[in-house]
Amino acid sequence: MITVALAKGRLAEESCDLLLKCGIPAEIIKSDTRKLVLTSPDGNFSFFLVKPSDVPTYVEYGIADLGIVGKDTLLESGADLYEMLDLGYEGCKLCVAGFPKRKGSVTNTHLRVATKYVNIARKLYAERGEDVEIIPLHGSIELTPVTGLSDVIFDIVQTGSTLRANGLVVLEEVYDISARLVVNKVSLKTKADVILPFIEAIRKQL
Ligand code: PRP
C-alpha cells in the first residue's frame with residue numbers, strides 16, 4: 001500500500017483530479033466525509049487529509065510515503081524529504097508587498113516585515129544581510145501595513161485582489177510557488193517498486 005498525505009481543501013481536490021487522470025482510483029478523496037484516512041477501493045492507496053503545514057511532517061516521518069503540498073509550505077517547513085515533481089497547479093508568488101510609496105518614513109530602526117512565513121523571511125533577509133524585524137502572524141497579513149503594524153508584508157499573491165483591495169502593491173516577487181510532489185527518503189528506497197511507477201504516471205500527465 002502507498003500512503004499519501006494531502007492538504008485538505010482545494011489542493012486535495014486538484015490533486016484528486018490529477019490522480020484520477022493517472023488511473024489511480026482516488027475518487028474517495030472527494031467523498032463528503034469527516035474521515036481523515038481514505039482508502040481506495042482496491043486497497044492499494046491510503047490518503048491522509050491533513051492541514052497543509054502538516055503534510056511535510058507526515059512525509060518526513062514516513063507516516064505518509066508521499067505528499068502533495070505547496071512549495072511555500074515546503075520551504076517554510078524545512079522538512080527532510082525529497083521534492084520529486086512540480087505539479088504546476090495552485091500557482092502563485094511569494095512576494096514582498098506594501099504601499100506603492102511607503103507612507104512616511106520607517107519610524108523604527110528596523111524594517112518591520114509581517115508574515116506567515118517566518119522561517120523563509122528570516123532566511124531571505126539574513127542572506128541579504130538586512131537586519132529586519134519579522135512580525136509573525138497567522139492570516140490577514142495585508143491588514144498590517146494598513147494599520148501600521150508593519151512596513152511591508154511577505155506573503156502569497158495569487159490574483160492580487162487582496163493587495164488591491166487594501167491599496168497595496170507587489171514590491172518584489174521572490175519565489176514562484178506551486179504544488180509539489182514530495183516523497184519520504186526511506187520509502188523511496190524500500191518501496192521503489194511501487195513508488196517510482198506512481199511518480200512516473202504523474203510525471204507523464206503533467
Ligand atoms: C492568502 C494570502 C493572501 C491571499 C492572496 O490568504 O495570505 O492574503 O490569499 O490571494 P489573492 O492574491 O488571490 O488575493 P488566505 O486566503 O489563505 O487567508 P488568510 O489571510 O487568512 O491567510
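What follows draws every value from the coordinates through simple rules; no lab data is involved. As the structure is a computational prediction, the values presented were derived from the model and not from experiment. Here Cβ is always computed from backbone atoms with ideal geometry, including for glycine, and neighbour counts include all displayed protein chains.
State which entries of LYS21/LYS185; LYS8/LYS191; LYS30/LYS93; LYS51/LYS71 exceed 20 angstrom in Cα-Cα distance in the structure shown. Kindly include the intermediate steps, with their values, before the conclusion.
Values: LYS21/LYS185 26 Å; LYS8/LYS191 25 Å; LYS30/LYS93 27 Å; LYS51/LYS71 14 Å.
Flagged as over cut-off: LYS21/LYS185; LYS8/LYS191; LYS30/LYS93.
Quick one: which residues, 5 or more positions from ILE2 or on another chain, have an amide H under 5 Å from its amide H? H modelled 1.01 Å from N in the peptide plane, none for Pro or chain starts.
For ILE2, whose amide H was placed from the backbone, the distant partners under 5 Å are PHE45, SER46.
Straight-line reach from LYS123: which aspartates and glutamates fall under 12 Å, measuring Cα to Cα and dropping same-chain residues less than 8 apart?
Within reach: GLU76, ASP131.
The range 83-192: which GluC sites (Glu not before Pro) are DSSP loop and have at most 16 other beta-carbon atoms within 10 angstrom?
Sparse-neighbourhood loop GluC sites (Glu not before Pro): GLU130.
Counting other C-beta atoms within 10 Å, which of SER77, SER140 has the fewest, and how do the rest follow?
Listing SER77, SER140 from fewest to most nearby Cβ atoms yields SER140, SER77.
For the range 47-107 and the range 143-206, what is the separation of their C-alpha centers, rounded to whole Å?
5 Å
How do 39-47, 157-165 rank on mean C-beta neighbours within 10 Å, highest first?
Descending mean neighbour count gives 39-47, 157-165.
Between TYR89 and LYS51, how high is the FRET efficiency from 1/(1 + (r/R0)^6) when r is the Cβ-Cβ distance and R₀ = 22 Å? Nearest 0.05.
Computed FRET efficiency for TYR89 and LYS51 comes out at 0.70.
Would you work out the relative contact order for the range 11-78, in percent, from Cα pairs under 8 angstrom that are 6 or more residues apart?
Reported relative contact order: 21 percent.
Between HIS110 and TYR61, what length in nm is gained on full extension when 0.36 nm per residue of separation is reduced by their alpha carbon distance?
13.9 nm
Using a simple spin-label model with points 7 Å from Cα along the Cα→Cβ vector, what separation in nm is obtained for ARG34 and LEU143?
The two pseudo-label positions are separated by 2.9 nm.
Can you compute the modelled spin-label distance between LEU206 and ALA192, with each label point 7 Å from Cα toward Cβ, in nm?
Inter-label distance under the simple model: 2.1 nm.
For the chain, rounded, prolate or oblate, judged on the Cα gyration tensor with a ≥ b ≥ c (square roots of eigenvalues), a/c < 1.5 rounded, else prolate if a/b > b/c?
prolate
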